[in-house]
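Asks: Got a structure here, written out as structure tokens. Questions coming.
The values are calculated or read from the model by the stated rules, or taken from the named source; none is laboratory data. Since the structure is predicted, the reported quantities are computational estimates derived from the model, not experimental observations. Cβ: placed from backbone, ideal geometry, glycine included. Neighbour counts: every protein chain shown. SASA here: full protein model, heavy atoms, side chains in, ligands and nucleic acids out. Shrake-Rupley method; radii C 1.70, N 1.55, O 1.52, S 1.80 Å.
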Amino acid sequence: MTAELIDGKAVAAKVRQEVAAKVAGGPAPGLATVLVGEDPASEVYVRSKRRACVAAGMAGFHRRLPGTATQQQVDEELARLAEDPAVSGILLQLPLPGHLDADALIDRIPVHKDVDGLTPGNAGRLAQGRDGLRPCTPAGIERLLDEYAVPLSGAKAVVVGRSVLVGRPMAHLLLTRDATVTLCHSRTKDLAAETRTADILIVAAGIPGLIGREHVRPGATVIDVGIHRSRAGLHGDVRFPEVREIAGLLTPVPGGVGPMTIAMLLANTLHAARRQEP
Ligand code: NAP
């Protein structure tokens, strides 16, 4: 069996078009991006987010602080954006410089402007199965699964990785959709024994090539969240050539999950804006 590839670029383009069409029908939402320091990868991500925001017809508010900014300075900037009625969503680009307390700063983002879905308010709502703003990468994966008509209700889903950004919210989203969910991490005793039970396997461990043929049940849907740069290009957490021979559906890297993250950020910003309208 050779897996069908999931075209994340095409689905992301569709989401972005949907968002742009809805933006055109009302007041322009505003997305504030906050970048602290000079991390080159973060600069690239923030630039892409700002461009996508403008392309969708939204207003962009960018705040750039030096790597030496104090906790209080970042805190005050977030407080100003929280008060600004033109700002519908606030994105604090992570990771922050090591001297800053990221959790305390995330707590400063109002739940209704938390377009990254990272505040305890939104994480708690998701854990309780209530409405809220969802973290962009797991929300993008949910959309990919829906676009490819992968049944979630009753499916056995295994998530590898339990980060606040990806693994945990992914597990909760799948649970909300009535999958039977196993969450694996670095202390899991026999990873392959767990992952081989999966109808849907989602890998967000940040370990290049962690998952191979021996981890995958024939015909399973495999979603690779990992992104690793090497001289040969981008790779994921999944050994693509061998898993492609056994999976039913598979996301490539690049062109799978990656494009969905920004698309869902736009969708979240639109959602946040429309809920804030009087
Ligand atoms: P993270 O915060 O480093 O978390 C990694 C998780 O994987 C941890 O829970 C860790 O377990 C677990 N893990 C590590 N080694 C493992 C092993 N051998 N077996 C099982 N589990 C293991 O990473 P993240 O932020 O979730 O990101 C994961 C990957 O996705 C990275 O490559 C990142 O670049 C990528 N990413 C991509 C996108 C996108 O848009 N495509 C978005 C976000 C992240 P412990 O908790 O026990 O340490």
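Asks: Determine which single condition residue 189 fails, assuming it passes every other condition in (1) within 9 Å of the ligand (Cβ to nearest atom); (2) assigned to a loop (DSSP other than H, G, I, E, B); (3) open to solvent by 20 Å² or more (accessible area, probe 1.4 Å).
Replies: Every condition holds for residue 189 apart from (1).
Asks: Moving on. May I ask you to list the residues in region 220-259 that are touching a Lys or Arg at 6+ places or on another chain (Cβ under 8 Å) and closer than 14 Å to residue 140 by Cβ?
Replies: Matches in region 220-259: 255, 259.
Asks: Within region 83-162, which helices (runs of 4 or more DSSP H) (wholly inside it) include 3 or more residues that are touching a residue at least 12 places away in the same chain (Cβ under 8 Å) and not small (Gly, Ala, Ser)?
Replies: Qualifying helices (runs of 4 or more DSSP H): 120-127, 136-147.
Asks: While we're looking at this one, here's another question. Determine which member of the set 234, 175 is over 26 Å from residue 47 (Cα atoms), free of Cβ contacts under 8 Å to residues at least 60 places away in the same chain and either open to solvent by 20 Å² or more (accessible area, probe 1.4 Å) or more than 20 Å from the chain's Cα centre (by Cα) (or both). Break it down into steps so the answer makes sense when it comes.
Replies: Values: 234 fails: over 26 Å from residue 47 (Cα atoms).
None of the others qualify; the one that does is 175.
Asks: Take residue 51 and tell me if it is of a type in the set (D, E, K, R), free of Cβ contacts under 8 Å to residues at least 40 places away in the same chain, out of contact with any helix residue (DSSP H, G or I) (no Cβ under 6 Å at 6 or more places or on another chain) and part of a helix (DSSP H, G or I). Explain how you work it out, then say what you get.
Replies: Working: of a type in the set (D, E, K, R): yes; free of Cβ contacts under 8 Å to residues at least 40 places away in the same chain: yes; out of contact with any helix residue (DSSP H, G or I) (no Cβ under 6 Å at 6 or more places or on another chain): yes; part of a helix (DSSP H, G or I): yes.
It is true that residue 51 is of a type in the set (D, E, K, R), free of Cβ contacts under 8 Å to residues at least 40 places away in the same chain, out of contact with any helix residue (DSSP H, G or I) (no Cβ under 6 Å at 6 or more places or on another chain) and part of a helix (DSSP H, G or I).
Asks: Please verify whether residue 241 is at pLDDT 95 or above, more than 20 Å from the chain's Cα centre (by Cα), outside the structural domain of residue 54 (by TED's automatic domain parsing) and assigned to a loop (DSSP other than H, G, I, E, B), treating the condition exactly as stated.
Replies: Working: at pLDDT 95 or above: yes; more than 20 Å from the chain's Cα centre (by Cα): yes; outside the structural domain of residue 54 (by TED's automatic domain parsing): yes; assigned to a loop (DSSP other than H, G, I, E, B): no.
It is false that residue 241 is at pLDDT 95 or above, more than 20 Å from the chain's Cα centre (by Cα), outside the structural domain of residue 54 (by TED's automatic domain parsing) and assigned to a loop (DSSP other than H, G, I, E, B).
Asks: I'd like the residue in region 145-166 that is surrounded by fewer than 23 Cβ atoms within 10 Å (Cβ to Cβ) and within 14 Å of the ligand (Cβ to nearest atom) and, out of all such residues, is nearest to residue 256 (Cα to Cα). Full working, then the answer.
Replies: Going residue by residue through region 145-166, those that are surrounded by fewer than 23 Cβ atoms within 10 Å (Cβ to Cβ) are 146-156, 162-165.
Narrowing the set further to residues that are within 14 Å of the ligand (Cβ to nearest atom) leaves 162-165.
Details: 162: 20, 163: 20, 164: 21, 165: 18 Å.
Residue satisfying both the conditions and the ranking: 165.
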